[in-house]
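Asker: Structure below; questions to follow.
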Amino acid sequence: MIELVINSFRESAELKLAFVELYAERILEVAQIIAKALKDGNKVLLFGNGGSAADAQHIAAEIVGRFKKERKPLPAIALTTDTSILTAVGNDYGFESIFERQIQALCTPGDIAIGITTSGESLNVIKGLMKAHDLGATTVAFTGRNGGKVVDIAHYSFVVPSYDTARIQECHITLGHVICEVIDRLL
């Protein structure tokens, strides 16, 4: 069992190192784009399902609260938290529309929309990113596996090269933390 524990940490660390080798420059570029959008008065909208919903909430909290540096609160909204909206839209329009409908209501040109899906195939995330793209937002996808359909929609995609959902999610939250740290330093 101790080997399982050690191997899990090793796999996570090795995957994160492989990921940053692929995406270090893009991570910095996207963090700079987000920081500029926030400085210009725009907001960040984040969404996903399950563990990705938790990641959306976590990253939004880091942006609104603070990450490491004391700074003014910045506008970020996780579209995964309002049970009345989620259940009303899900009931009236279908689960595949829960993010698209919120994006239509809240997204303005210049905003940032971050869709998080480990498979890249979550229809509600795809539709949310498509609507944000149509409304003039910069779209970002955090995904895994082979990238899925979101890579064809998002302006910027980060594909974790793994099929292990837990390892993908661990990489996604590290990605979110690094973006937040860059934002803190820039603002």
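Asker: Where residues in the range 125-154 are in contact with a strand residue (DSSP E or B) (Cβ under 7 Å, 6 or more places away or on another chain) and surrounded by fewer than 21 Cβ atoms within 10 Å (Cβ to Cβ), which of them is farthest from Ala37 (Cα to Cα)?
Answerer: Gly147
Asker: Something else now. Within the range 50-66, is there a residue that is more than 17 Å from His177 (Cα to Cα) and at pLDDT 95 or above?
Answerer: Taking every residue of the range 50-66 in turn, at least one turns out to be more than 17 Å from His177 (Cα to Cα) and at pLDDT 95 or above.
Asker: Related question: Scan Val182, Val140 and give me the residue that is within 23 Å of Arg66 (Cα to Cα), out of contact with any Gly (no Cβ under 7 Å at 6 or more places or on another chain) and in a strand (DSSP E or B).
Answerer: Result: Val140 is the single residue among Val182, Val140 that is within 23 Å of Arg66 (Cα to Cα), out of contact with any Gly (no Cβ under 7 Å at 6 or more places or on another chain) and in a strand (DSSP E or B).
Asker: To continue, here is another question. Can you tell me which residue among Gly148, Gly90 is in contact with a Gly (Cβ under 7 Å, 6 or more places away or on another chain), of a type outside the set (A, V, I, L, M) and free of Cβ contacts under 8 Å to residues at least 60 places away in the same chain?
Answerer: Gly148
Asker: Here's another thing I want to ask about it. For Phe99, indicate whether it is of a type in the set (Phe, Trp, Tyr), over 19 Å from Ile179 (Cα atoms) and either within 14 Å of the chain's Cα centre (by Cα) or modelled with pLDDT of 95 or more (or both).
Answerer: Judged against the criteria, Phe99 is a match.
Asker: Could you grab the pairs with beta carbons closer than 7 Å, sequence gap of 6+ or different chains, first residue in the range 104-121 and within 30 Å of Ser162 (Cα to Cα) and modelled with pLDDT of 95 or more, second one among the acidic types (Asp, Glu) and surrounded by 15 or more Cβ atoms within 10 Å (Cβ to Cβ)?
Answerer: These pairs meet every condition: Ile116/Asp55.
Asker: State whether the residues of the range 51-64 include one that is assigned to a helix (DSSP H, G or I), within 11 Å of the chain's Cα centre (by Cα) and of a type in the set (Asp, Glu).
Answerer: The answer is yes, given that some residue of the range 51-64 is assigned to a helix (DSSP H, G or I), within 11 Å of the chain's Cα centre (by Cα) and of a type in the set (Asp, Glu).
Asker: Considering only residues that are surrounded by fewer than 17 Cβ atoms within 10 Å (Cβ to Cβ), more than 13 Å from the chain's Cα centre (by Cα) and more than 21 Å from Phe95 (Cβ to Cβ), which ones fall in the range 165-187?
Answerer: Scanning the range 165-187 gives Ala166, Glu181, Arg185, Leu186, Leu187.
Asker: Same structure, new question: Quick check on the range 78-101: of everything there that is in contact with a Phe, Trp or Tyr (Cβ under 9 Å, 6 or more places away or on another chain) and part of a helix (DSSP H, G or I), which residue is surrounded by the fewest Cβ atoms within 10 Å (Cβ to Cβ)?
Answerer: Going through the qualifying residues, I end up with Leu86.
Asker: Cβ-Cβ under 8 Å, sequence separation 6+ or interchain: first residue in the range 1-29 and more than 19 Å from Gly147 (Cα to Cα) and outside any helix (DSSP H, G or I), partner of a type in the set (Gly, Ala, Ser) and modelled with pLDDT of 95 or more. Which pairs?
Answerer: none
Asker: Moving on to the next point. State whether the residues of the range 37-59 include one that is in contact with a Leu (Cβ under 9 Å, 6 or more places away or on another chain), crowded, with 21+ Cβ neighbours inside 10 Å and over 25 Å from Thr81 (Cβ atoms).
Answerer: no
The values are calculated or read from the model by the stated rules, or taken from the named source; none is laboratory data. Computed from a predicted model, the values in this text were never measured in an experiment. Reconstructed Cβ throughout: ideal geometry from the backbone, glycine too, with neighbour counts over all protein chains shown.
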